[in-house]
Amino acid sequence: MTVQTLLADLSLMTPELILAIGAMVLLMVGVFAGKDELKVARLVSWLAIGLLAAAAIASMLLSTGVSTTAFEGAFIHDTFSLYAKSAIYLAAIVAMILAINYLETEKLARFEYPVLIVLAVTGMSLMVSSNDLMTLYLGLEMQSLALYILAAFNRDSQRASEAGLKYFVLGALSSGLLLYGASLVYGFAGGTSFAAIAAAAESDPDSLGLLFGLVFLLSGLAFKVSAAPFHMWTPDVYEGAPTPVAAFFATAPKLAAMVLIARVLTEPFAAMADQWQQIVIVLAILSMGIGAFGALMQSNIKRLMAYSSIANMGYVLVGLASGTQIGVWAVLLYMTLYIVGVAGTFGVILSMRRSEGMVERVEDLSGLAQTNPGLGLAITGLLLSIGGMPFLVGFFGKLFVFYAAVEAGLIWLAVVGALFSIVSISYYLAILKRVWFDEPRGEFLPAPAGVAAVTRIAGLSTVVLLPFVALLFAQVIRAGGGIGG
Amino acid sequence: MAYLIVFGPLLAAIVAGLLQKQIGDRAAQIITTGLLILSAILSIVTFFDVAVGGNVRTLEIARWMAVGDFEVSWAIKLDTLSAVMLVVVTSVSSLVHVYSWGYMSHDPHRARFFAYLSLFTFAMLALVTADNFIQMFFGWEGVGLASYLLIGFWYKKESANAAAIKAFVTNRVGDFGLALGIMAIFFVFGSVQFDEVFAQAAGETGRQLRFLGLQFGALELIAFLLFIGAMGKSAQFFLHVWLPDAMEGPTPVSALIHAATMVTAGVFLVCRAHPIFELAPATSAFVTVIGATTALFAATVGLAQNDIKRVIAYSTCSQLGYMFFAAGLGLYSAAMFHLFTHAFFKALLFLCAGSVIHGLHEEQDMRKMGGTYQVLPWTWILMIIGTLALTGVGLPILGIGFAGFYSKDMIIEEAFMMGAAGVPFGTMAFWVGIIAAGLTSFYSWRLIFMTFHGKYRGDPEVLKHAHDSPPVMLVPLVLLAIGALFAGAAFKSDFVGKGALTFWGDSLPAGPYAEYNYGAGDAGDPLVSNAAGEAEHVDDAAVEAVAGDSGEAATTGSATAGEAAAEHGEAQEHGDGHGGHHPPTWVLFMPLIVTILGFLGAVWFYLMRPELPGRIAARGGPIHAFLSNKWYFDEIYHFVFVRGARGLGDLFWKIGDVRIIDGLGPNGVAGTVMAGARRIARMQTGYLYHYAFIMLIGVLGLTLWLVLRAGV
């Protein structure tokens, strides 16, 4: 490895390098900047946002349209990963904006928070660019370790600690499964690089060893996207963790893990599509079902959003189950639109602050349309969009996911998905009923500017984005061009 | 011009209806009435242009819909038939508008009332100017809607709401038939354009159609279904029940919708579709029977009613029966003629009744009237004119009489002729017509006597404040009275006499009377009939070769007078070689005789011995009860349909809907869903080892699933 190749390889990693080095710098700034914890936290937060923005810009600038690998093929740099990275960075920025004020008022403002976010994002960034089981695991663990801490960030709260601990233990279990699967795959494929696995799968698609490896690998990854039956942590962690953390959990890591799954399935294991299709279908149906039914009984809006995210991951998996290129496009489109919706919804949840503190029960939203029409409209658009009501943008996500399934001959799966979708729309409508028709139960305090902006923009975008869905889809097709099929 | 006729009322309705708050009652009245009068004037101009000038045309406005072969346009079809209807509708409507200024002057919702009236007029005009069945159906439904709105105009009155619903529901039955008929027409002919359908009708006589599992002649079935529609709208026997109740609406509405125009839509439909009915003899016979039954039935019920408007309503029903049996016998032009004259004198009667009601402060019960001719002199005179017109008073010898004389006697005489010629039920129709004419005379004069003569029986306070109507109400009455006096004489030639040969153009056959008497190139003066009826008969007989048998006569103009006389038994009986198409003299005199009998009966019962009817009613003979309860139709319908429908509804609701559909459907699904949701929520125990266990089970399950699938 000459210096030239090293430099060339490193240049492909610019965004990750920015984040990794930046994170260290931020840590130093945090430690040495001064005594006023609040001020330091705020400074570091904004620096982190700047860092993420810089990484986002770098990833956009780096986009050449050609797929290149670095570090002996361990790291891949293509439109797919760059699209995912940009989306992750932007989602992280939104999560940061949502967090700043919350952390300050909840007396959680510490400079470690932004640093952890940046580190987690670095991990995700590696995940979506991984082209080798080693990179995959490296990225995944880097992300996960940061997220474990974030989940328990409010360490004085019993619930948050419990959530963090649960997440950590179960995450360790899933990592174990994943590692076990990786080692099986390595054993049968004779290599850890995706290319080697692909070659092995090609030569023997029915290899039981590879299949077992794949199941364990997928189980580990499914844990990250909280697909059933590996979803159990989600409601508890969403509820226990500080709300901005839950908002972060629901957006960037989901996207990173889903993109990773898409890559793993459609590149190294492309030849085994018949087999993994079965797994994905099972995961999809279970997720949609549990997500749809589980949410019905929830009175805590964060728990409800957890189930909603489980269900939505099920829909994404429906698209993925098609095993076609359209499926991959649908996954990207769905995830993008879903992130917008979820970010906005968590913005609304973060606006649910009364003089006595944060509230997070569904009935606290009663009469929101009267007390705060803007917020009421925003949550209406957001929830209906997530629910897939025509003609809000979320509808097109669902449309393409089901379209991909139908194209692949999985009409029955699309029908099942549509049926669960009906069930799930009922709890979104139940919330909206409270918002529009119930008597108000006290007003919320005005939301901080950042949160309000996120809410309004996301809410508006459910409608405003409509004309641009085609544009977005073109972007998604470009990004997913090299992968799948 | 035609556009203005049809869409002027629509514009008026929109302005008055939607902007009533902004422009106020006064402006709404001026706009609607003004546009209607304009429309009426233009209609008369159009009438002369089309019917007299022969300028028949169809104005295509816009394509409505085109689905495959199914093409429908908005159009204004102007031929003699529609021109006649235009004149009837717009003139009566404009007079009613004017009349309503006075009649509704105390109502707080005048703008709404006038908007409805104009809306009705528009729908009616759309109906009569349609050049296809779909547009006609639009108008048909439109008048139904307007009728519903106007019957229920006083929506705070419970009986008015009930009557409005009853009218609407009953009409639905008929409209369903009409809709089916139109569908059958499209099915058979592949078109809904009048011209195309009628042109092809002759070629489809042999076609069979399956309906309700039975085979029918296609044309018979179509005609029958269309007639069901006509029965509903024109309140014929079985579907007549709504019309008397419709009198809950304001009286001008009764005059316009439930006497002069809307209820005649059924007659118009049958006449418009006459090429189909001509080819459907069985259905035509059915039309005749239903028409005759209605004429008789309604007349008998009219004998025992005490509400002044209900008497006239049943009279309308009865007169519509006349029109229908005429149409059923193939006398389309006579039916239209009666429609035309009837519109004037029946509107006059209704508006007079309205005037009485108005003058006596909303009193409608004739038992509380009497002797009011002194306080209501104008109304009294005008109503007598209307009654004379309705009962068809005239001198058969001279051929002079009121409007009803020309049209009703024409129907009765022609019915006799058709019966003699062997058309099914013709003779029956004739006798029914005679009897009903007698009954008509009786109940009409009964109405006059009970209302205006004898001793006043109501609250003396009311009489003290009783007043005749203001000029704004009287002027329309006078105009209508002129129509009732002269419309028959003036238009007899054009509608059914000599002029009919050219008058109708292609829109209607001129009718046997015109064809036999003038069809073979008779040079006689068309106005002879006015001068001397009998003399005319003799003259005509010499020239006219054909008699009686319509089928034969249509083609043979060469038969000799002798043969004609031989064919025609009645003509022989009449004697001395009066071989023309004329009934015997006794037939000519029969209507007059029964009319006089009816009059005398009424005089005897209500002037000479006014205590008699009360005693009869008090004794409560079964016949009186039968009549005053309208043959128990409402009770039977209530028992069969209302109770039946309710029972059926209960069955469907309690078992079908609640148990089966809700039980297995929404509620059942929701229950299952909630149960599932509870189970899933219970799974979320919060225990870490549970979670880990489920994850591991999941991995195991997935592996097993794949292994089993791979068949290893």
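Computed on protein heavy atoms with a 1.4 Å probe, the accessible areas place A:D274, B:D307 in the order A:D274, B:D307, largest first.
Taking the Cα centre of the stretch B:613-712 as origin and charging only Cβ (+1 Lys, Arg; -1 Asp, Glu), how large is the dipole, in debye to the nearest 20?
Details: 11 positive and 5 negative charges, 31 e Å.
Its charge dipole is roughly 160 debye.
Full extension of the chain between B:M428 and B:F187 yields a length gain of 83.2 nm, computed as 0.36 nm times the residue separation minus the alpha carbon distance. For B:A130, the residues whose modelled amide H falls within less than 5 Å of its own, excluding neighbours fewer than 5 places apart on the same chain, are B:K77.
Protein heavy-atom accessible surface, 1.4 Å probe, per residue over the protein assembly as shown: 37 Å². Scanning residues 5 or more positions from A:F75 or on other chains, those with amide H under 5 Å from its amide H are A:A70, A:N131, with H placed 1.01 Å from N in the peptide plane.
Dipole of chain A computed with +1 at Lys/Arg Cβ and -1 at Asp/Glu Cβ about the Cα centre; of A:S59, A:P373, A:S157, farthest Cα towards the positive end is A:P373. The C-alpha radius of gyration of the stretch B:665-710, expressed as a fraction of 2.2 N^0.38 Å, stands at 1.62.
Estimated from the Cβ-Cβ distance and a Förster radius of 51 angstrom, the FRET efficiency linking A:W412 and B:H361 is about 0.10. Entry note, chain B: relative contact order of 11 percent, from Cα contacts under 8 Å with a spacing of 6+ residues. Residue-wise HN-Hα couplings along the stretch A:225-241, as the Karplus relation 6.51 cos²θ - 1.76 cosθ + 1.60 with θ = phi - 60° gives them from phi, are 8, 6, 8, 5, x, 9, 9, 4, 5, 4, x, 5, 6, 4, 6, x, 5 Hz; Gly and Pro carry x. Spin-label model, B:R457/A:M28: points 7 Å from Cα along the beta carbon direction are separated by 11.7 nm.
Top to bottom by accessible area (1.4 Å), largest first, where do B:D195, B:D662 land?
My answer, sorted largest first, is B:D195, B:D662.
Here the dipole of the protein assembly as shown is about 4560 debye; that uses its Cα centre as origin and unit charges on the Cβ of Lys and Arg (positive) and Asp and Glu (negative).
Amide H contacts of A:D438: A:G367, each under 5 Å away and 5 or more positions distant or on a separate chain (H built 1.01 Å from N in the peptide plane; Pro and chain starts excluded). Only Lys, Arg, Asp and Glu carry charge here, each on its Cβ (+1 for the first two, -1 for the last two); on that basis the stretch B:1-514 has a dipole of about 960 debye about its Cα centre. The residue among B:L651, A:L320, B:M450 whose Cα reaches farthest toward the positive pole of the charge dipole of the protein assembly as shown, with charges on the beta-carbon of Lys, Arg, Asp and Glu, is A:L320.
Peptide A:231-240: average number of partner chain Cβ atoms within 10 Å per residue?
3
Taking the convex hull of the alpha carbon positions in chain A and averaging its projected area over all directions gives 21.2 nm².
Each Cα pair under 8 Å and six or more residues apart adds its sequence gap; the mean of these over the residue count of the stretch A:116-218 is a relative contact order of 23 percent. Over the protein assembly as shown, the alpha carbon radius of gyration divided by the compact-protein estimate 2.2 N^0.38 Å works out to 1.36. At q = 0.07, 0.08 Å⁻¹ the log10 of I(q)/I(0) for chain B amounts to -0.50, -0.63, computed by Debye summation with a single uniform scatterer per C-alpha, solvent ignored.
Here each label is just a point 7 Å from Cα along the line to Cβ, and for B:K654 and A:S11 those points are 8.6 nm apart. Taking a point 7 Å out from the Cα of A:A470 in the direction of its Cβ, the residues of the stretch A:329-351 whose backbone N falls within less than 20 Å of it are A:329-330, A:333-334, A:337.
Rolling a 1.4 Å probe over the protein heavy atoms of chain B, with every protein chain left in place, gives an accessible area that is 68 percent carbon and sulfur.
Residue ranges A:179-185, A:292-298 sort as A:292-298, A:179-185 when ordered by packing (mean number of other C-beta atoms within 10 Å per residue, highest first).
Projecting the Cα atoms of B:I31, B:L256, B:L279 onto the dipole axis of chain B, where Lys and Arg carry +1 and Asp and Glu carry -1 at the beta carbon, places B:I31 farthest toward the positive end.
When B:V669, A:V280 are compared by accessible area at a 1.4 angstrom probe, the order from most to least is B:V669, A:V280.
For the segment A:84-91, counting C-beta atoms of other chains within 10 Å of every residue's C-beta and taking the mean gives 0. Here the Karplus curve 6.51 cos²θ - 1.76 cosθ + 1.60, taken at θ = phi - 60°, turns the phi angles of the stretch A:405-413 into couplings of 5, 5, 4, 7, x, 9, 4, 4, 5 Hz, with x standing for Gly and Pro.
The HN-Hα couplings worked out from phi for the stretch A:421-426 by the Karplus form 6.51 cos²θ - 1.76 cosθ + 1.60 (θ = phi - 60°) are 4, 5, 4, 6, 5, 5 Hz, whole numbers, x standing for Gly and Pro.
The values are calculated or read from the model by the stated rules, or taken from the named source; none is laboratory data. Keep in mind that this is a model prediction, so the values were computed, not measured. Here Cβ is always computed from backbone atoms with ideal geometry, including for glycine, and neighbour counts include all displayed protein chains. Note: accessible area is taken over every heavy atom of the protein model, side chains too, but ligands, DNA and RNA are not part of it. Shrake-Rupley method; radii C 1.70, N 1.55, O 1.52, S 1.80 Å.
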